[in-house]
1. Among the residues that make up region 133-145, is at least one of them under 22 Å from GLY602 (Cα atoms), of a type in the set (Val, Ile, Thr), outside any helix (DSSP H, G or I) and touching a residue at least 60 places away in the same chain (Cβ under 8 Å)?
2. Quick one: would you say GLU211 is in contact with a helix residue (DSSP H, G or I) (Cβ under 8 Å, 6 or more places away or on another chain), in a helix (DSSP H, G or I), charged (D, E, K, R) and open to solvent by less than 40 Å² (accessible area, probe 1.4 Å)?
3. Among the helices (runs of 4 or more DSSP H) lying completely within region 68-129, list those that include at least 2 residues that are β-branched (Val, Ile, Thr) and open to solvent by 60 Å² or more (accessible area, probe 1.4 Å).
4. Could you list all residues from region 616-633 that are within 14 Å of THR152 (Cα to Cα) and outside any loop (DSSP other than H, G, I, E, B)?
5. So is TRP363 buried (at least 18 other Cβ atoms within 10 Å of the Cβ), assigned to a loop (DSSP other than H, G, I, E, B) and within 20 Å of the chain's Cα centre (by Cα) or not?
6. I need the full set of residues from region 245-274 which are under 22 Å from GLN213 (Cβ atoms), at pLDDT below 90 and buried (at least 16 other Cβ atoms within 10 Å of the Cβ), in order please.
7. Within region 412-469, which residues are among the basic types (Lys, Arg), open to solvent by 10 Å² or more (accessible area, probe 1.4 Å) and farther than 17 Å from LYS43 by Cα?
8. Return yes or no: is LEU497 touching a residue at least 60 places away in the same chain (Cβ under 8 Å), more than 20 Å from THR155 (Cβ to Cβ), more than 22 Å from the chain's Cα centre (by Cα) and open to solvent by less than 60 Å² (accessible area, probe 1.4 Å)?
Amino acid sequence: MSLKALSAGTVLASLALSAPIAKADTPPAPAADVAMQFYDRHKIDISNLYDFYEGLLIADAMIHDKALFDAETKWRLTLRQMIGAGSGHHTARSAYQLSLMDVPLDEIQAIFAPDFVETLEDERLKAAFTYIDLVSSYPSTASGDMHALLRTHYTDRQISELMQLGAVNAATATHDAVVPIVTDQETVDWATANLSVVGWSIGPNAATSPEEQRARPFVGSALAMAQEEIKANWSPDDLGAVDPVFTTDWVNYITGYNIPRVTFDGDFDGIEQPFDAFPFDRLKWAGEGIRDANMPPRNTPPFDVSAYDYDYFDGSQVIASNVPYSDRQQFDTQWNRAVTIGTLTMDEYILQMERTKSFKEIWSMFFVFQLASGCVHCQAHGSFGIWDYAEDDYFQDEIPPEDKPEMIEYIRSLMDFERSRFLAPDQKAALRVARDSGRLPSRITAAHTEELRRHFSDRGVQETLAIPVHLAWLSISMQSMATVTDQLSMSWAMTNLGPMGWSPGVHTGLPIEQRPYHMSQLFDRMVADISTGKVPDAATEFIGKDVPLAVDSDGDGVEDAFDGFPRDPSRWADTDGDGTEDRRDRDIDGDGLSNRKEVEQGTFPYKADSDGDGVDDRAEIRTGTDPLDPRDL
């Protein structure tokens with residue numbers, strides 16, 4: 001028997017001692033660029049990207065609501081992640097939210113300590129914070145051992161929630177990095193008084209004009225009200241129901257920018273008024289003088305390309321792991337639907353529509369961002385996405401043989417875009433934003449924004465900065481799960497990027513783990529379903545396995561599919577469904593092995609079939625196969 005004696009403590013030690021992934025270094029930005037002030041951020045923060053940012057707020061509000069993890073624990077985890085990600089705004093916001101939840105100040109300040117995770121005595125909580133530390137900066141160093149550690153302490157549904165928290169937090173941290181967000185005065189005053197002692201300062205989040213100043217924080221009673229609004233007007237057990245929406249205009253409540261909630265696009269070219277100089281002509285939108293009126297202030301130096309020209313891709317890296325990845329699709333099928341609908345709203349608004357940017361430009365930014373972020377699954381999707389959308393421009397969706405070599409050369413050239421013969425200066429400016437926001441902490445400075453102003457209108461700058469926000473969510477979620485990529489995207493990438501040194505890393509797996517579709521194919525499938533009168537279930541279609549509906553009969557924040565006591569709001573944890581709460585159950589997963597025995601021998605107390613191969617742990621131990629390896633049957 002090849003079973004490894006891998007206790008939770010052993011896994012934790014191996015994670016702490018393992019060297020980080022060897023990635024190309026990101027050199028520091030020039031001091032002059034770091035010192036350069038951001039300005040006019042209210043124009044490029046959220047104006048007329050309303051749907052996108054409302055989706056981000058929905059995801060943020062619902063992932064922080066009570067569920068399998070209590071809200072306070074999730075805000076503690078969020079604070080730790082924002083500290084690691086270098087997000088000054090969200091660090092202050094998270095700490096302020098904890099104070100409003102009556103968490104003692106000394107406990108909030110303790111989370112800032114570099115060795116905070118090592119000081120935790122609760123092994124379950126320590127495992128969650130260990131994961132959060134791994135995704136606070138990326139490229140992520142999550143591994144099969146990380147999955148094993150989490151599965152020793154949590155159900156798959158809890159792990160899914162934790163991974164989704166990390167992914168949504170990465171998106172909001174990236175938003176702060178690329179704008180950066182001007183923090184409201186209420187939060188600034190609290191953070192200055194209580195966090196300066198642990199090193200917090202407002203930094204680039206300070207307003208440079210009264211117009212930039214945000215009105216209110218999205219914490220406390222406002223956040224609770226937003227969460228209740230979603231629950232009040234959404235039917236989670238009806239696939240045909242309208243998606244979750246807010247009753248209150250929270251985007252304008254937070255910003256005070258008076259953004260039009262309903263926009264008008266008379267010619268359906270993807271550009272809303274007032275950004276469309278030709279509102280009834282689909283063939284053009286940018287009027288004379290728009291770009292000149294959007295130039296940086298006088299004496300702003302030109303962008304120093306040489307200072308930012310660095311290697312951002314050096315192949316797939318796989319961390320040595322004691323335990324192979326197993327049963328990964330479970331993490332994908334058990335995400336909170338309300339949160340997912342918020343993130344899919346971002347996806348639809350950014351990746352599925354052409355506005356000032358063409359699909360080729362959008363998906364090129366996708367690919368470059370993911371080359372920098374280290375998400376190999378996303379690299380396969382991004383590169384194939386460029387190709388797939390290019391096919392849509394040809395007769396019968398087929399690129400002629402004579403055009404294929406140049407398209408492949410273009411996609412490959414993005415792996416070193418500064419020297420690409422295919423790209424104009426404005427396209428390279430956008431790709432620099434994608435590359436330099438593809439790491440957390442981010443390398444984005446005001447110089448990036450001022451370079452964009454030289455080439456794009458405010459509307460174009462808005463889209464360029466919004467795209468990485470969504471891509472950060474994708475990067476962390478896919479790296480965390482080690483998602484098995486769909487066959488079409490993976491085969492295309494291996495064939496066409498393989499000669500450039502690209503390899504699939506950990507994103508190949510068992511047939512049962514493989515996703516059926518690339519994103520563009522999923523949307524084609526959904527359109528076909530709607531056209532034939534069917535109600536599409538996008539989550540189930542995309543993953544290829546049934547995703548439970550979000551019915552919560554007792555209103556305790558835990559959906560019935562994962563609630564051992566669906567009519568009792570005071571209890572939910574009963575993994576094996578035997579009527580005994582997990583905290584009192586000596587065999588939590590009901591596989592015939594005691595919790596103590598499972599921890600001693602390295603199997604997972606919360607999972608009867610630790611490797612997801614269809615044979616439970618007890619049977620594998622009896623027959624001499626490895627219950628931690630799905631390939632050993």
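1. Quick first cut of region 133-145, residues under 22 Å from GLY602 (Cα atoms) only: 134, 141-145.
Add one more test, that the residue is of a type in the set (Val, Ile, Thr), and what stays is 141.
Of the ones still in play, those that are also outside any helix (DSSP H, G or I) are 141.
If we keep only those that are touching a residue at least 60 places away in the same chain (Cβ under 8 Å) as well, we get 141.
Looking for residues that are under 22 Å from GLY602 (Cα atoms), of a type in the set (Val, Ile, Thr), outside any helix (DSSP H, G or I) and touching a residue at least 60 places away in the same chain (Cβ under 8 Å), one finds at least one in region 133-145, hence yes.
2. no
3. Numbers: elements: 71-85, 88-100, 105-110.
Where helices (runs of 4 or more DSSP H) fall fully within region 68-129, none carries at least 2 residues being β-branched (Val, Ile, Thr) and open to solvent by 60 Å² or more (accessible area, probe 1.4 Å).
4. If we filter region 616-633 for residues that are within 14 Å of THR152 (Cα to Cα), which is where we start, we get 617, 627-628.
Within region 616-633, just ASP617 meets the criteria.
5. Considered against the rule, which asks whether it is buried (at least 18 other Cβ atoms within 10 Å of the Cβ), assigned to a loop (DSSP other than H, G, I, E, B) and within 20 Å of the chain's Cα centre (by Cα), TRP363 comes out as no.
6. Listed by number, the list holds a single entry, ILE259.
7. Of the residues in region 412-469, the ones among the basic types (Lys, Arg) are 412, 419, 421, 428, 432, 435, 439, 443, 453-454, 459.
Then drop every residue that is not open to solvent by 10 Å² or more (accessible area, probe 1.4 Å), which leaves 412, 419, 421, 428, 432, 439, 443, 454.
Listed by number, the residues that qualify are ARG412, ARG419, ARG421, LYS428, ARG432, ARG439, ARG443.
8. Numbers: touching a residue at least 60 places away in the same chain (Cβ under 8 Å): yes; more than 20 Å from THR155 (Cβ to Cβ): yes; more than 22 Å from the chain's Cα centre (by Cα): yes; open to solvent by less than 60 Å² (accessible area, probe 1.4 Å): yes.
Criteria met by LEU497.
The values are calculated or read from the model by the stated rules, or taken from the named source; none is laboratory data. Source: prediction; values computed, not measured. We place every Cβ from the backbone using ideal geometry, glycine too, and count neighbours over all the protein chains shown. The accessibility values were calculated without ligands, DNA or RNA, using every heavy atom of the protein model including side chains. Shrake-Rupley method; radii C 1.70, N 1.55, O 1.52, S 1.80 Å.
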